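This report refers to the structure that appears directly beneath it.
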Amino acid sequence: MIGYDEFGYAIAFGAQSAWVQNASGNWVQPYAANISKALESAQLRPDLTQDLRNVYKSAAPQAYPVSAYSYIMTPCAPASDRNTCKSPYYDDARAQQMAKWLDYIACDGQVKMAQIGYSPLPPNLSQEIQNSITRMSPKAKGRTLNAGNCRNPQFSGSLGAGATGPPPPAAGKKKTVGNTNKLRFAGRESQRLGGRRWQ
């Protein structure tokens with residue numbers, strides 16, 4: 001059986017993380033720079049759901065191909081640009097609290113994302129969070145974000161501290177074993193089967 005967990009847990013608990021071979025043939029890990037590069041190939045639909053087909057096959061040399069966005073769903077008032085919006089948040093006081101939390105997520109909450117195993121949101125998605133605040137309730141107003149009013153490092157052209165990982169381990173002497181290639185990486189043997197590295 002093969003399983004996986006978020007990279008943030010590997011960082012928190014000091015667990016090893018696998019190197020994944022991407023479409024360009026490079027071995028990469030899920031550091032923010034690699035995630036961000038891969039997600040440049042994501043396509044957002046009008047309802048903000050994601051089409052990740054191009055992420056998985058991104059030819060960018062540093063792209064981590066198993067990258068995706070996390071979602072948060074909020075109520076939203078009917079709007080011409082969102083046919084999925086049916087009703088605003090039912091409680092104005094709770095909508096105000098939710099708006100404060102979403103504002104934090106869009107800006108200050110992105111500052112240390114790279115250090116904890118994630119990639120900060122790109123500016124367009126931080127702005128979409130603000131747009132969702134406005135759609136959530138007539139009394140909740142989002143704002144237009146920029147580098148002057150949002151600490152998300154992507155607004156300043158950065159991913160923040162901890163964004164880049166180590167270089168891939170150097171391959172040792174290659175030897176053929178049956179139909180598989182056995183390689184030594186960082187003192188350990190692994191088998192490469194069909195573009196995946198199994199340990």
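The values are calculated or read from the model by the stated rules, or taken from the named source; none is laboratory data. What you see is a predicted model, and the numbers here were worked out from it, not measured in a lab. Cβ atoms come from the backbone with ideal geometry, glycine included; neighbour counts cover every protein chain shown. To get the accessible areas, we keep the full protein, side chains included, count just its heavy atoms, and leave off ligands, DNA and RNA. Shrake-Rupley method; radii C 1.70, N 1.55, O 1.52, S 1.80 Å.
General observations
- Every residue from segment 62-106 that is in contact (Cβ under 8 Å) with a residue 12 or more places away in the chain and assigned to a helix (DSSP H, G or I): Asp92, Ala95, Gln96, Met98, Ala99, Leu102, Asp103, Ile105, Ala106
- Flag for Ser70 being open to solvent by 70 Å² or more (accessible area, probe 1.4 Å), over 18 Å from Pro169 (Cα atoms) and among the hydroxyl-bearing types (Ser, Thr, Tyr): yes
- Looking across segment 28-61 at every residue that is open to solvent by 30 Å² or more (accessible area, probe 1.4 Å) and outside any loop (DSSP other than H, G, I, E, B), the one that is nearest to Lys112 (Cα to Cα) is identified as Lys37.
Okay, residues lined up against (1) assigned to a helix (DSSP H, G or I); (2) in contact (Cβ under 8 Å) with a residue 40 or more places away in the chain; (3) open to solvent by 30 Å² or more (accessible area, probe 1.4 Å); (4) out of contact with any strand residue (DSSP E or B) (no Cβ under 9 Å at 6 or more places or on another chain):
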{"residue": "Gln115", "(1), (2), (3), (4)": "yes, yes, yes, yes"}
{"residue": "Tyr118", "(1), (2), (3), (4)": "no, yes, yes, yes"}
{"residue": "Gln127", "(1), (2), (3), (4)": "yes, no, yes, yes"}
{"residue": "Gln130", "(1), (2), (3), (4)": "yes, no, no, yes"}
{"residue": "Arg135", "(1), (2), (3), (4)": "yes, yes, yes, no"}
{"residue": "Pro138", "(1), (2), (3), (4)": "no, yes, yes, yes"}
{"residue": "Gly142", "(1), (2), (3), (4)": "no, yes, no, yes"}
{"residue": "Ala147", "(1), (2), (3), (4)": "no, no, yes, yes"}
{"residue": "Cys150", "(1), (2), (3), (4)": "no, yes, no, yes"}
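- Residue within segment 33-56 that is modelled with pLDDT of 90 or more and touching a Gly at 6+ places or on another chain (Cβ under 8 Å) present: yes
- Thr84 out of contact with any Ser or Thr (no Cβ under 9 Å at 6 or more places or on another chain), open to solvent by 80 Å² or more (accessible area, probe 1.4 Å), at negative phi and hydroxyl-bearing (Ser, Thr, Tyr): yes
- Residue in segment 173-185 that is modelled with pLDDT of 90 or more and open to solvent by 60 Å² or more (accessible area, probe 1.4 Å) present: no
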